[in-house]
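Below: the structure, in structure tokens.
The values are calculated or read from the model by the stated rules, or taken from the named source; none is laboratory data. Since this is a predicted model, take the numbers as computed values, not measurements. Because the Cβ atoms are built from the backbone with ideal geometry, glycine has one as well, and the counts that use them run over all protein chains shown. To get the accessible areas, we keep the full protein, side chains included, count just its heavy atoms, and leave off ligands, DNA and RNA. Shrake-Rupley method; radii C 1.70, N 1.55, O 1.52, S 1.80 Å.
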Amino acid sequence: MPRTLRLYYEQELKDYQAFKQKRQLEKAWHHLERAHILGQPYPVEHTHVHGKMLTFGIKTRNVKEIVGQLPRLLVGGIKSWAGTIPVGNTGGANVVAWKPMPIPQDLQAIIQQAHSTI
């Protein structure tokens, strides 16, 4: 992951933690999805976010999320490494795992900026 992109990825994870601690779970999940979009092309970061999503599912006792995250956790990093990710997919069990999705404009700009500085 390019260093400039890593800063935004880590900020999304920090925002996730902050909202989770405040028990604002919808906002926390939103930032976890954004971290997923940023980390998805990179095997380690992609797998890390799915691990956090699994933990979130466990803590919130969301069986659908737990069951949905297990295969994503197992194959997400491999798909990143192989370059076969569904770009923009937010990573939760509430969306089809192989469905590409639109990337929010602010994240598109961040990704483009990071790739232009490589």
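Checked against (1) surrounded by 20 or more Cβ atoms within 10 Å (Cβ to Cβ); (2) within 12 Å of G91 (Cβ to Cβ); (3) free of Cβ contacts under 8 Å to residues at least 40 places away in the same chain; (4) of a type outside the set (V, I, T), Y9 meets all criteria but (2).
Inside region 90-118, can you point out the residues that are in contact with a Pro (Cβ under 9 Å, 6 or more places away or on another chain), free of Cβ contacts under 8 Å to residues at least 40 places away in the same chain and surrounded by fewer than 12 Cβ atoms within 10 Å (Cβ to Cβ)? Across region 90-118, the qualifying residues are V96, W98, K99, P100. Checked against the criterion of being out of contact with any His (no Cβ under 6 Å at 6 or more places or on another chain), closer than 15 Å to A35 by Cα and either open to solvent by 50 Å² or more (accessible area, probe 1.4 Å) or hydroxyl-bearing (S, T, Y) (or both), the candidates V87, V67, V63 yield just one match: V87. In the condition set (1) under 21 Å from Q113 (Cα atoms); (2) open to solvent by less than 30 Å² (accessible area, probe 1.4 Å), P43 is compliant with all but (2).
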